[in-house]
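Novice: Below are the structure tokens for one structure; questions will follow.
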Amino acid sequence: MTVDIRVVRAGQMYRYYPRQTVVGDGRRPARTPLRAAQEQAGVPAGRWMGRGLAALGLAPGEEVTEEQLRNLFGERGRHSYADRIEADRLAAGASPKKAFKAGALGRRVTVTGVDFVFRPQPTIYLLWALGDEETRRVIEAAHERAIVRVLEWVEDEVAVIRHGKDGIYRVRPPGGLVAARFRHYEARSERPLLHDHLLLSVKGQRLDGTWGSIHTTALHENTVAASALYNELVAAEVCEELGLSTEPRTVTPGRRPVMEIAGVPHELIPQGCSPRSGGEPPARRGNPDGSGSHRRPRRPSA
């Protein structure tokens with residue numbers, strides 16, 4: 001699949017994500033500010049997405065800060081500006097307990113979000129890796145618009161907040177969801193691979209304005225459908241903009257073939273590759289002994 005999913009737990013937002021994922025899967029130097037580390041890694045700043053941003057004082061496309069990430073994903077689901085809210089309440093004479101509660105988004109949770117990873121189909125990311133600037137621009141734009149559409153679909157058709165005894169009642173979050181998107185240009189193996197991490201918060205508002213948690217099982221159950229929708233959207237736009245067509249490619253004998261861009265040699269496609277596994281291309285860059293590499297400079301998206 002071209003869309004992967006895994007849960008995000010509060011502790012990971014202090015250990016794994018700020019040190020690797022938000023800086024292009026590299027190793028963030030100690031005591032380096034987030035934006036400086038992203039610039040050193042050659043990746044753009046994270047951006048906020050989703051219809052639920054306004055409730056947290058955020059706006060679509062706004063840069064993601066480390067404080068916001070820590071509060072929403074690391075502090076078991078607190079307001080993105082929880083520190084500011086708590087300080088204001090304390091200054092107004094509230095007790096520490098009430099001030100802390102003012103920055104909460106409902107009950108505290110351990111699973112604070114899910115990490116969706118979106119990457120184009122193999123023939124499309126090969127075109128992106130080997131193509132000229134116009135080809136790359138078209139593919140990146142199609143990739144980004146498809147992610148927006150998939151998130152809208154999740155908000156409208158998939159996400160539900162459970163409430164009541166044993167969670168017997170389920171409602172759509174009417175105000176939408178909140179997500180932070182991070183662009184990467186390479187797999188961990190340093191192979192060129194366009195992909196985005198979409199950290200989706202489990203927090204959503206009910207009709208009465210109270211905060212609840214998204215049922216993550218529903219997100220997992222619909223990952224295949226999300227992948228199919230993403231593939232369809234990206235392929236359609238890339239083909240239309242670049243004058244290309246698709247053709248079936250058999251991945252597993254006896255299984256339904258997948259549609260790929262016509263004319264791209266299938267032998268160029270790495271087997272079993274993903275951003276997390278870091279599958280290797282036909283010829284690995286770097287020194288013969290595997291030490292060091294000749295990295296392709298990464299750049300902000302167009």
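Novice: Take the Cα coordinates of region 36-95, assign each an equal point scatterer, and use the Debye formula without solvent to give log10 I(q)/I(0) at q = 0.14, 0.16, 0.26 Å⁻¹.
Specialist: The calculated log intensity ratios at q = 0.14, 0.16, 0.26 Å⁻¹ are -0.49, -0.61, -1.09.
Novice: Expressed in nm to one decimal, what extension gain is obtained for the pair Asp132 and Ala54 from 0.36 nm per residue of sequence separation less their Cα-Cα distance?
Specialist: Details: separation 78, 0.36 × 78 = 28.08 nm, distance 3.80 nm.
Stretched fully, the Asp132-Ala54 segment lengthens by 24.3 nm.
Novice: Under 5 Å between amide hydrogens, which residues at least 5 positions from Met259 or on another chain qualify, with H placed 1.01 Å from N in the peptide plane?
Specialist: Arg249
Novice: Another question, if that's okay. Just name one of Ala94, Leu53, Asn71: the one whose Cα is farthest towards the positive end of the charge dipole of the chain (beta-carbon charges, Lys/Arg +1, Asp/Glu -1).
Specialist: Result: Ala94.
Novice: Between His220 and Ala92, how high is the FRET efficiency from 1/(1 + (r/R0)^6) when r is the Cβ-Cβ distance and R₀ = 35 Å? Nearest 0.05.
Specialist: Values: r = 42 Å, r/R0 = 1.21.
For R0 = 35 Å, the calculated efficiency reads 0.25.
Novice: Report, as a whole number in µm² per second, the diffusion coefficient that Stokes-Einstein gives for region 100-143 at 4 °C and 1.567 mPa s using the Kirkwood radius over alpha carbon pairs.
Specialist: 94 µm²/s
Novice: Indicate, rounded to the nearest 5 percent, the antiparallel portion of the DSSP beta bridges found entirely in the chain.
Specialist: On the way: 36 of 36 bridges.
Looking only at bridges with both residues in the chain, the antiparallel portion is about 100 percent.
Novice: Under the Karplus relation 6.51 cos²θ - 1.76 cosθ + 1.60, θ = phi - 60°, what is the ordered set of whole-Hz ³J(HN,Hα) values for region 31-47, x standing for Gly and Pro?
Specialist: For region 31-47, the Karplus-derived couplings read 6, 9, x, 4, 5, 5, 5, 5, 5, 5, 7, x, 10, x, 5, x, 10 Hz, x marking Gly and Pro.
Novice: For n ≥ 4 DSSP H runs only, could you compute -39500 (n - 2.57) per run for the chain, divide by its residues and tell me the 222 nm figure to the nearest 500?
Specialist: Calculated at 222 nm, the ellipticity per residue is -8500 deg cm²/dmol.
Novice: By how many degrees, between 0 and 90 and to the nearest 10, does the Cα long axis of helix 82-91 differ from the longest principal axis of the chain?
Specialist: 20 degrees
Novice: Once the convex hull of the alpha carbons of region 75-181 is built, what does its volume come to per residue, in cubic angstrom? Don't jump to the answer; show the numbers that get you there.
Specialist: Working: hull volume 17.7 nm³, N = 107.
Cα convex hull per residue, to the nearest whole number: 165 Å³.
Novice: One quarter of the convex hull surface, Cα atoms only: what value does that give for region 116-226 in nm²? Intermediate results must be reported in sequence, preceding the final value.
Specialist: On the way: hull surface 31.8 nm².
Dividing the Cα hull surface by four gives the mean projection, 8.0 nm².
Novice: Please list, in chain and number order, the residues 5+ apart from Gly106 or on another chain whose amide H is under 5 Å from its amide H, with Hs placed from the backbone.
Specialist: Sorted by chain and number, the residues that satisfy this are Trp211.
Novice: At each listed q (0.08, 0.16 Å⁻¹), what is the log10 of I(q)/I(0) that the Debye formula gives for the chain modelled as equal alpha-carbon point scatterers?
Specialist: -0.38, -1.33
Novice: Still on this structure, I have one more. Run down the aspartates and glutamates and flag those whose C-alpha is under 13 Å from the C-alpha of Lys203, throwing out any fewer than 8 positions away in its chain.
Specialist: Answer for Lys203, where 13 Å is the Cα cut-off: Glu75, Glu155, listed by chain and number.
Novice: I'd like the per residue volume of the convex hull spanned by the Cα atoms of region 63-113, given in cubic angstrom.
Specialist: Values: hull volume 3.4 nm³, N = 51.
That works out to 67 Å³ per residue.
Novice: Among Val3, Ala180, Ile85, whose Cα lies farthest out toward the positive end of the dipole of the chain, if unit charges sit on the beta carbon of Lys, Arg (+1) and Asp, Glu (-1)?
Specialist: Looking along the dipole axis, the top candidate is Ile85.
Novice: Just to check I understand the Karplus step: with θ = phi - 60° and J = 6.51 cos²θ - 1.76 cosθ + 1.60, what whole-Hz values come out for region 125-139, glycine and proline as x?
Specialist: With the stated coefficients, region 125-139 comes to 6, 5, 4, 5, 5, 9, x, 7, 4, 5, 4, 5, 4, 4, 5 Hz.
Novice: How far is the Cα center of region 161-186 from the Cα center of region 1-65, in Å?
Specialist: Measuring centre to centre over Cα atoms gives 18 Å.
Novice: Now for a different question. Test of understanding: express the Cα radius of gyration of region 129-187 as a ratio to 2.2 N^0.38 Å, with N the residue count. Could you put the intermediate results ahead of the total?
Specialist: Values: Rg = 17.3 Å, N = 59, 2.2 N^0.38 = 10.4 Å.
Expressed relative to 2.2 N^0.38 Å, the Cα Rg reads 1.67.
Novice: Kindly write out, for region 227-234 in residue order, the coupling ³J(HN,Hα) from the Karplus curve 6.51 cos²θ - 1.76 cosθ + 1.60 (θ = phi - 60°), rounded to whole Hz, with x marking Gly and Pro.
Specialist: These are the phi-based 3J(HN,Hα) values: 5, 5, 5, 4, 4, 4, 5, 5 Hz.
Novice: Tell me the relative contact order for the chain as a rounded percent, counting alpha carbon contacts under 8 Å between residues six or more apart. Display every interim value, and only then the final one.
Specialist: Working: 537 pairs, mean separation 65.3, N = 302.
Here the relative contact order equals 22 percent.
Novice: State to the nearest 20 debye the size of the charge dipole of the chain about its Cα centre, where the only charges are +1 on K and R beta carbons and -1 on D and E beta carbons.
Specialist: That gives the chain a dipole magnitude of about 1520 debye.
Novice: So, one more: Which FRET efficiency value, to the nearest 0.05, is calculated for Met1 and Asp208 with the Förster distance at 25 angstrom and r the Cβ-Cβ distance?
Specialist: Details: r = 37 Å, r/R0 = 1.47.
Step by step, r from the Cβ atoms, then E = 0.10.
Where a number appears in this text, it was derived from the coordinates with a stated rule and is not lab data. Note that the structure is a prediction, hence the values are computed from the model and not measured. Cβ atoms come from the backbone with ideal geometry, glycine included; neighbour counts cover every protein chain shown.
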